[in-house]
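Visitor: Input: one structure, supplied below.
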């Protein structure tokens, strides 16, 4: 798992300009975890206690419609992205979503308690926390604006830009669910883009 630690450290330096001392002081708090395809990083109605960095794999955040029991994908997270139910993580209230691995995946993660401790003892880790909040606010607002202002085709193109090889890695119905369209509609979009 040494390569995962190197991936984590590089990402942390790039994300928040953490120093070698900041990273060394936090080293014991970050742990590695394998999550098999179909297993969960976090469950619905459970407080999200960990912040993960995806080093291998793809996760989806989804909820189940209480009337139709249909699963609706909200976000995907893949390599070099943080995965968390951020609202639950910071408020310590239950998560309204499932976070599930769509492939055999590996993450590096830190607990809420340990990260909170770093915020109080290391100014650069406090900056990391602010940048993390800004990142997840941006994700949330971008997703809202996509749904309000973008066509399905533009949302599909944006998804490909964020996760370039996602169509080769997960079933099409997950992408259809994310876009809020049927599989035949997704096929038509893909055909138009490929022409």
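The values are calculated or read from the model by the stated rules, or taken from the named source; none is laboratory data. Note that the structure is predicted; figures quoted are calculated from it, not measured. Glycine gets a Cβ as well: all are built from the backbone with ideal geometry, and neighbour counts include every protein chain shown.
Visitor: Tell me which residues, restricted to region 153-163, are within 26 Å of residue 101 (Cβ to Cβ) and surrounded by 11 or more Cβ atoms within 10 Å (Cβ to Cβ).
Guide: 155, 156, 157, 158, 159, 160, 162, 163
Visitor: Is it the case that some residue within region 28-40 is more than 16 Å from the chain's Cα centre (by Cα), buried (at least 17 other Cβ atoms within 10 Å of the Cβ) and at pLDDT 95 or above?
Guide: yes
Visitor: Take the conditions in contact (Cβ under 8 Å) with a residue 40 or more places away in the chain, under 18 Å from the mean Cα position of the chain (by Cα), over 18 Å from residue 77 (Cβ atoms) and surrounded by 14 or more Cβ atoms within 10 Å (Cβ to Cβ) and apply them to residue 177. Does it pass?
Guide: no
Visitor: Can you give me the number of residues within region 5-26 that are over 15 Å from residue 126 (Cβ atoms) and surrounded by fewer than 11 Cβ atoms within 10 Å (Cβ to Cβ)?
Guide: Number of matching residues: 2.
Visitor: Condition check: surrounded by 17 or more Cβ atoms within 10 Å (Cβ to Cβ) and free of Cβ contacts under 8 Å to residues at least 60 places away in the same chain. Does residue 89 satisfy that?
Guide: Against the criterion (surrounded by 17 or more Cβ atoms within 10 Å (Cβ to Cβ) and free of Cβ contacts under 8 Å to residues at least 60 places away in the same chain), residue 89 qualifies.
Visitor: Additional query: Which residues, taken from region 4-23, are in contact (Cβ under 8 Å) with a residue 40 or more places away in the chain, more than 18 Å from residue 134 (Cβ to Cβ) and out of contact with any helix residue (DSSP H, G or I) (no Cβ under 6 Å at 6 or more places or on another chain)?
Guide: 4, 5, 7, 8, 19
Visitor: If you don't mind, another one. Go through (1) over 22 Å from residue 70 (Cα atoms); (2) within 20 Å of the chain's Cα centre (by Cα) for residue 146 and report which single condition fails.
Guide: Failed condition: (1).
Visitor: Is it the case that residue 52 is within 11 Å of the chain's Cα centre (by Cα), surrounded by 15 or more Cβ atoms within 10 Å (Cβ to Cβ) and on the phi > 0 side of the Ramachandran plot?
Guide: Taking the combined requirement at face value, the residue does not satisfy it.
Visitor: I'd like to know if region 122-141 contains one or more residues that are surrounded by 13 or more Cβ atoms within 10 Å (Cβ to Cβ) and touching a strand residue (DSSP E or B) at 6+ places or on another chain (Cβ under 6 Å).
Guide: Within region 122-141, not a single residue is surrounded by 13 or more Cβ atoms within 10 Å (Cβ to Cβ) and touching a strand residue (DSSP E or B) at 6+ places or on another chain (Cβ under 6 Å).
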